Amino acid sequence: MSTQGAASPGGAPSALSAEYRIAHLQDRLASGELGELGVRMELRGDSVLVTGTVPSEPCREDVLRTVREELAGLAVHCDIVVSETSSPDHAEELP
């Protein structure tokens, strides 16, 4: 219902409100038990793009759950990659 630049109940434009919510979420991710500093968020028009790399699938799910909670009501596009941290299954051959 709201558009970018429309006033929010507090009188601030909704884009500023979205930016505030994104900044709060980034602080929450960095300081919480997730400790995820490799996740970035950008406001693009009326949606949020979440990108980055996390160490495991459960961590990715935790980040996504937190993003959904914090940014409820905003369109969120997620491109979070799980890094491969397993041991190699074969020896590397050098020339």
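Quick check: residue separation of Asp79 and Ser56 times 0.36 nm, minus the Cα distance between them. What number comes out in nm?
6.9 nm is the gain from fully extending Asp79 to Ser56.
State the answer as a single residue: which of Val50, Leu71, Ser17 lies farthest towards the positive end of the charge dipole of the stretch 14-82, with beta carbon charges of +1 for Lys and Arg and -1 for Asp and Glu, about the Cα centre.
Positive-most Cα among the choices belongs to Ser17.
Calculate the dipole size of the stretch 14-82 relative to its Cα centre from +1 charges on Lys and Arg beta carbons and -1 charges on Asp and Glu beta carbons; express the result in debye to the nearest 20.
Roughly 100 debye, rounded to the nearest 20.
Fewest Cβ neighbours within 10 Å first, please rank Val81, Val39 accordingly.
Details: Val81 11, Val39 22.
Arranged by neighbour count, lowest to highest, Val81, Val39 become Val81, Val39.
Where a number appears in this text, it was derived from the coordinates with a stated rule and is not lab data. Here the structure is a predicted model, which means the values were calculated and not measured. Glycine gets a Cβ as well: all are built from the backbone with ideal geometry, and neighbour counts include every protein chain shown.
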